[in-house]
Amino acid sequence: MAKTKKIKRTIAPKKSKIRIAVVTARFNEEITYKLEEGALSYLEQLNDDGFSIEIASLRVPGAVEIPLACQKLFELGFDGVVTCGAVIRGETSHYDSVCNSVTDGLTRLMLDYGKPIGFGVLTTENDEQAMDRSGGKHGNKGQEAAQVVVEMVGLLRDLEKSH
């Protein structure tokens, strides 16, 4: 029986330099800027702990523009992108169109470029749910998205080395 090789990664190695960008939608800024703060604080703390992460941060008008910014960042050589946005259901079907556009665009980019995107775009029914997830009782989804990107960059590098 062949021996199974396990590849386990919880974070990118300290000695490898990685480039991560944080893309934040300005729409619903009272929420998105808190998500951005969570993501940037996490990445900066890793640098304080001895990691070597080049961090870039940019803002786009709204959630629909996030995939285009991510595409350009990948073309510029970034290893991963953290996205921060908030799409809150309103009285029209616009919510569904925006959510589908962002989700489909980001998924396509990850698969096309083979690079991780942390999905910190909240899709909520109301403002309270969004606030709860941007530093409230359900944590900060921007920070969690940054954790995902760092872990996936490390895992993808480990996979490359193992083959």
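Between Tyr95 and Asp48, the simple label model (points 7 Å from Cα in the Cβ direction) yields a spacing of 3.7 nm. Annotation: amide H of Thr123 within the under-5 Å range of Val87, sequence separation 5 or more or interchain, hydrogens built in the peptide plane.
Sorting the Cα pairs of region 18-162 by distance into bins of 5 Å, from 0 upward, gives 2, 11, 21, 23, 20, 13, 6, 3, 1, 0, 0 percent per bin.
All distinct Cα pairs of region 66-124 go into the 1/r average, and the inverse of that average, the Kirkwood radius, is 11.9 Å.
Axis of helix 29-48 versus longest Cα principal axis of the chain: the two differ by about 20°, to the nearest ten degrees.
Net charge in the neighbourhood of Ile31 (other residues with Cβ under 12 Å of its Cβ; Lys, Arg +1, Asp, Glu -1) is -3.
Just so you know, all these numbers are worked out from the coordinates, no wet-lab data involved. On a predicted model such as this, the values are computed, not experimentally measured, just so you know. Every residue, glycine among them, receives a Cβ derived from its backbone with ideal geometry; neighbour counts consider all protein chains shown.
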